[in-house]
Amino acid sequence: MKIRTVNYMLRQGITGLWRNKNMSLASIGSVAAALVILGLVIILVLNINNVADLAQMQFDTIQVYLKEDISQGQIAEIGDSILRINDVSNIEFESKEQALLNMKERWGDKGYLLDTLEENPLPNSYIIYLNSLDRADFVVVELSKIDGIDEIKYYKEIIDNMLRIASFIRTIGLALIMILVLIAMFIISNTIKLALNARKQEINIMKYVGATNWFIRWPFILEGVVLGLLGAVIALAITYYGYSYAYNAIARKFTVVFSAYLMPVSEMMNTTVVMFAVLGSGVGAIGSIVSLRKHLKV
Amino acid sequence: MIEMINVSKAYPKGVQALTNINFKIEKGDFVFLVGPSGAGKSTFLKLLLKEEDPTTGTIYVGDKDVTKLSNRKIPYLRRTIGVVFQDFRLLPNKTVFENVAFAMEIIEASSKEIRRQVPMILGMVGLSDRASQYPHQLSGGERQRVSIARAIVNNPAVLIADEPTGNLDPDTAWEIMKVLRQINRRGTTVLMATHAKDIVDIMQQRVIALEKGRVVRDQQRGAYGYED
Ligand SMILES: Nc1ncnc2c1ncn2[C@@H]1O[C@H](COP(=O)(O)OP(=O)(O)O)[C@@H](O)[C@H]1O
Ligand SMILES: [Mg+2]
């Protein structure tokens, strides 16, 4: 195809956009809406997965709190019982005094607050390292059979819950996006139908002088693609500013530590830019092709 | 050049538009297609352009069997056939020059070719001084000449005209006939469907007469042949 032809087609496509401003705006808006929802789903799902991943790395141990009123002998016996469980690779004892010291350290300059405690409320505990985190459920069942254990601290359930929520959001979100994408395609295909009507006479002449089908179709496909891309640009702007705002707000409110669990804004945008561009132009192109198939007899 | 062999055409709702048509037109011929309204003249021309497909029969344009042509090849068939209609079909928001150039643009001619070819063709149809005017500024005869210029600007081997003088007064109609005759003298095959008895009688060219979808007469140097 010649450069001049490409120019001609782009010009035709853009002229088409202007001719039906209202429909063009509706098309752009519908694409933007679908992609903003997609952006929201991506943000939620990626972040939850991210938190779950990080949590998994930090909490790949099981901690058991021991009952208050047991002797040193019993504590050692419990340790032996734990070690006898398959899949336990190692254990580490943390006395209640040590636990308090650790907590003081974690609290940093607010650690003095703990000095006012009359009595150490923290229990003795064992930290249990597993051969494989997959075996955690089995190990927990075995641990519950041992006397002298007060509580089993086990984070797999929380992580599993987070992953379940992420997958739920993904399913619902994708269904919603599918519906919105279909609506966007429908609106775009109607916009293209109007564009076809406006150029009916021209198309008729083009056919008689021997324009190829693709020569006739391209301007309309480009028109659809431009509509989709404009929608994508708007969605990208909304997603970018929305996420930056939320990210900063979270960082400010919940200390910087929490925002370390969030996907950085730039990384999030890298994921979405290409996806939005491809989806936006794809929805536009398909919308107009549907319309051309229906309304353009060649 | 153009040939139909046992061609019949029935439209979907059972209208038998053409029945068992056989004829042959040589390169450079000037042929009138006559007959009353509804006789099947337009259908006949549409078959040549592959706007419609025949129900049965074989059609040759050039050396190609049109009935076997794939959809993708239709545009290239149409580039070998110029078409002129009764209602001109000019684009109102384009100038005379642009209307003619449009036919070249869409087959991706270079702008150099367009700048050379369009004025030459406008000169041929006598519209050199009208190039920058819009269709609404022209008379009916001038508009039809623009549409003829557009039909021949890509040098088709065949020019098809479906009642090209139907909307014009007799004097203007003769101007158009002169232009068509001149184009024919340059070697283009011309096939013209018409009602205009006096034109056919005076021109003394080959006449194919259709009636109710059948060829009832095919005569070299013929007359219209109806006393209506
Ligand atoms: N697209 C169509 N569908 C159905 N019938 C048609 C169609 N076009 C033409 N006809 C019928 O075919 C017959 C021939 O029409 P046409 O070729 O237009 O004749 P003419 O050009 O000689 O007036 C007429 O009876 C007409 O009503
Ligand atoms: Mg007719």
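Would you check which residues across the stretch B:28-63 are away from ligand 1 (no atom under 16 Å from the Cβ) and either within 14 Å of chain A (Cβ to nearest Cβ) or buried (at least 19 other Cβ atoms within 10 Å of the Cβ) (or both) and list them? Once the filter is applied, which keeps residues that are away from ligand 1 (no atom under 16 Å from the Cβ) and either within 14 Å of chain A (Cβ to nearest Cβ) or buried (at least 19 other Cβ atoms within 10 Å of the Cβ) (or both), the stretch B:28-63 yields B:Phe30, B:Val61, B:Gly62.
Look at B:Glu142 and say whether it is without any contact (Cβ under 8 Å) to a residue 24 or more places away in the chain, among the acidic types (Asp, Glu) and within 14 Å of another protein chain (Cβ to nearest Cβ).
The answer is no for B:Glu142.
Quick check, is B:Ile107 more than 8 Å from every other protein chain (Cβ to nearest Cβ) and either away from ligand 2 (no atom under 16 Å from the Cβ) or more than 17 Å from the chain's Cα centre (by Cα) (or both)? For B:Ile107, the condition - more than 8 Å from every other protein chain (Cβ to nearest Cβ) and either away from ligand 2 (no atom under 16 Å from the Cβ) or more than 17 Å from the chain's Cα centre (by Cα) (or both) - is not met. Is it the case that the stretch B:202-218 has a residue that's away from ligand 2 (no atom under 16 Å from the Cβ), open to solvent by less than 40 Å² (accessible area, probe 1.4 Å) and more than 30 Å from B:Tyr76 (Cβ to Cβ)? The answer is yes, given that some residue of the stretch B:202-218 is away from ligand 2 (no atom under 16 Å from the Cβ), open to solvent by less than 40 Å² (accessible area, probe 1.4 Å) and more than 30 Å from B:Tyr76 (Cβ to Cβ).
Based on this model, can you work out whether A:Met178 counts as within 14 Å of chain B (Cβ to nearest Cβ), of a type outside the set (S, T, N, Q) and out of contact with any Cys (no Cβ under 7 Å at 6 or more places or on another chain)? No; evaluated as a whole, the condition is false for this residue.
The residues listed here are A:Ala237, A:Ala232; of these, the one that is among the hydrophobic types (A, V, I, L, M, F, W, C), assigned to a helix (DSSP H, G or I) and surrounded by fewer than 21 Cβ atoms within 10 Å (Cβ to Cβ) is A:Ala237. Residue count for the stretch B:24-46 under the criterion of being more than 13 Å from ligand 2 (Cβ to nearest atom) and either in contact with an Asp or Glu (Cβ under 6 Å, 6 or more places away or on another chain) or part of a helix (DSSP H, G or I) (or both): the result is 1.
With respect to (1) within 42 Å of the chain's Cα centre (by Cα); (2) touching a residue at least 12 places away in the same chain (Cβ under 8 Å), the lone exception for A:Asp109 is condition (2). In summary, B:Ala161 fulfils each of the numbered conditions (1) within 16 Å of ligand 2 (Cβ to nearest atom); (2) more than 14 Å from chain A (Cβ to nearest Cβ) with the single exception of condition (2). Residue count for the stretch B:94-153, restricted to those that are outside any helix (DSSP H, G or I) and acidic (Asp, Glu): 1.
If you go through the stretch A:194-221 and pick out every residue that is more than 10 Å from chain B (Cβ to nearest Cβ), hydrophobic (A, V, I, L, M, F, W, C) and open to solvent by 40 Å² or more (accessible area, probe 1.4 Å), you end up with 3. Candidates in the stretch A:106-164 are the residues that are under 19 Å from A:Phe93 (Cα atoms) and of a type in the set (Asp, Glu); of these, the one that is most open to solvent (accessible area, probe 1.4 Å) is A:Asp147. Annotation: B:Val158 fulfils all but one of (1) open to solvent by less than 40 Å² (accessible area, probe 1.4 Å); (2) free of Cβ contacts under 8 Å to residues at least 40 places away in the same chain; (3) within 27 Å of B:Leu47 (Cα to Cα); the unmet one is (2).
Checking the structure you have, find out if any residue of the stretch B:76-83 is surrounded by fewer than 18 Cβ atoms within 10 Å (Cβ to Cβ), within 16 Å of ligand 2 (Cβ to nearest atom) and under 17 Å from the mean Cα position of the chain (by Cα). Within the stretch B:76-83, not a single residue is surrounded by fewer than 18 Cβ atoms within 10 Å (Cβ to Cβ), within 16 Å of ligand 2 (Cβ to nearest atom) and under 17 Å from the mean Cα position of the chain (by Cα). Quick one: would you say B:Ile25 is within 14 Å of another protein chain (Cβ to nearest Cβ), closer than 26 Å to B:Arg150 by Cβ and open to solvent by less than 50 Å² (accessible area, probe 1.4 Å)? Answer is no for this residue. Scanning the stretch A:38-82 for residues that are of a type in the set (Val, Ile, Thr), farther than 17 Å from A:Val140 by Cα and not in a helix (DSSP H, G or I) yields one hit, A:Ile70. In this structure, B:Asp129 does not qualify as at pLDDT below 95 and either farther than 22 Å from B:Lys46 by Cα or more than 16 Å from ligand 2 (Cβ to nearest atom) (or both).
So which residues in the stretch B:88-104 are more than 10 Å from chain A (Cβ to nearest Cβ) and either of a type in the set (Phe, Trp, Tyr) or open to solvent by 10 Å² or more (accessible area, probe 1.4 Å) (or both)? Scanning the stretch B:88-104 gives B:Phe88, B:Thr95, B:Phe97, B:Glu98.
Just one residue in the set A:Gly16, A:Gly73, A:Gly79 is within 17 Å of A:Leu229 (Cβ to Cβ) and open to solvent by less than 80 Å² (accessible area, probe 1.4 Å); that residue is A:Gly16. Residue selection: A:Thr171 satisfies the criterion of being more than 14 Å from chain B (Cβ to nearest Cβ) and open to solvent by 80 Å² or more (accessible area, probe 1.4 Å). With respect to the conditions (1) away from chain A (no Cβ under 14 Å); (2) out of contact with any Leu (no Cβ under 6 Å at 6 or more places or on another chain), B:Ile74 lacks only one, and its number is (1). Against the criterion of being charged (D, E, K, R) and more than 14 Å from every other protein chain (Cβ to nearest Cβ), A:Lys2 does not qualify.
The values are calculated or read from the model by the stated rules, or taken from the named source; none is laboratory data. Nothing here was measured: the structure is a model prediction, and the numbers come from that model. Please note: Cβ atoms are built from the backbone with ideal geometry, for glycine as well, and neighbour counts cover all protein chains shown. Heads up: the accessible areas ignore ligands, DNA and RNA and are worked out on the full protein's heavy atoms, side chains in. Shrake-Rupley method; radii C 1.70, N 1.55, O 1.52, S 1.80 Å.
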